[in-house]
């Protein structure tokens, strides 16, 4: 039904407008008496064998929704009905910001991909905290944190620290986002010396808390082997808990969409099928080179159960979807979980 009827209708309209229309639809439909239970029956698999324990947390199943989908934590109580095992909200910034000028999200239908340059648009971390206080779901929730666009790189650590302190009581794990290509100069923060200082500061704050939250680092897909070796060493030196691999891609190589159409769209992060292979390569390299020394959340180009299993076999402990959810619909989560059970 989704691919035959709903997706063709949705794809008639601007991607960002449809994104928020779907949000309203999900909230409304799950508020109808009995609808949430119907959705759960349609899209969820309840099976103890899917439970995954990682960095001291128990995930209902290993399939999550990636950061960027529910930036402001407004659907945290509804997404469980679509079979997800965990939710990552954000990216959160200390102050509210509108993000980049519109239009800023584009479909590449031939490639089953998206290009976005949203620019960390969000309500600000304090508003997100208030939304998270209304949490009714028992799903694991991650907090993806970044810096405000107007904050200079010299002052960036203060932004991450503010987010970390604000969200600490209302999320279960953190993802430090320094690799998004859609925020000016953000990727410059992938410098190892800066990351060592930033992650060290967050670890010190974490140690003062009654409950320590796992801290993960989200990395870009364009890192070469030398850079990945540095990431492995960074994790060993800082003692953080894991990696999210990978963020969106800036390369436009190998796309089926006409070059002129892609150039007209302009800059932004590419997600979807074209990034699957590179994301999996990075997961496999990190897992193999480190001898599986740390957990990895695999994200990038998962549009089928085979794509998800590929990432798990490469070394991912959990997987996340976003663009695949847009193209394949909510049944994708159930399909992946079924495939994982069949492998057990």
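Readers should treat all values here as calculations from the given coordinates under stated rules, not as data from a laboratory. Just so it is clear, the model here is predicted, and its values are computed rather than measured. FYI the Cβ positions are ideal-geometry reconstructions off the backbone, even for glycines, and counts take in every protein chain you see.
Quick notes on this structure:
- Rg ratio for segment 304-344: its Cα radius of gyration over 2.2 N^0.38 Å, N being its residue count, equals 1.08.
- Ranked packing of 194-207, 249-262, most packed first, by mean Cβ within 10 Å: 194-207, 249-262
- Potential lengthening of the chain between residue 339 and residue 252 amounts to 28.2 nm, from the contour at 0.36 nm per residue minus the alpha-carbon distance.
- Share of Cα-Cα pairs in the chain lying beyond 24 Å, as whole percent: 53
- Fewest-first ranking of 179, 152, 29, using other Cβ atoms within 10 Å as the exposure measure: 152, 29, 179
- Percentage of interatomic Cα-Cα distances in segment 53-95 larger than 16 Å: 40
- Considering only the chain, percent of DSSP beta bridges that pair antiparallel, nearest 5: 30
- Calculated FRET efficiency, residue 47 to residue 207, Cβ-Cβ distance, R0 = 25 Å: about 0.10 to the nearest 0.05.
- For segment 1-136, the pair-distance distribution built from all alpha carbon pairs, in bins 10 Å wide starting at 0, is 10, 33, 38, 18, 1 percent.
- Translational diffusion of segment 233-344 was estimated from the Stokes-Einstein equation, with Rh taken as the Kirkwood radius over Cα pairs; at 37 °C and 0.692 mPa s the coefficient is 218 µm²/s.
- Contact order relative to length of the chain, as percent, for alpha carbon pairs under 8 angstrom and 6 or more apart: 17
- Rough spin-label spacing in nm, given labels placed 7 Å along Cα→Cβ, for residue 130 and residue 102: 2.3
- The distance between label points at residue 24 and residue 11 comes to 2.4 nm (points 7 Å beyond Cα on the Cα→Cβ vector).
- Highest average first, the peptides 47-55, 119-127 ordered by how many other beta carbon atoms sit within 10 Å of their residues are 119-127, 47-55.
- A crude spin-label estimate for the pair residue 281 and residue 2, with each label 7 Å from Cα along the Cβ direction, gives 2.9 nm.
- Calculated over segment 85-190, the projected area of the Cα convex hull averaged across directions stands at 7.7 nm².
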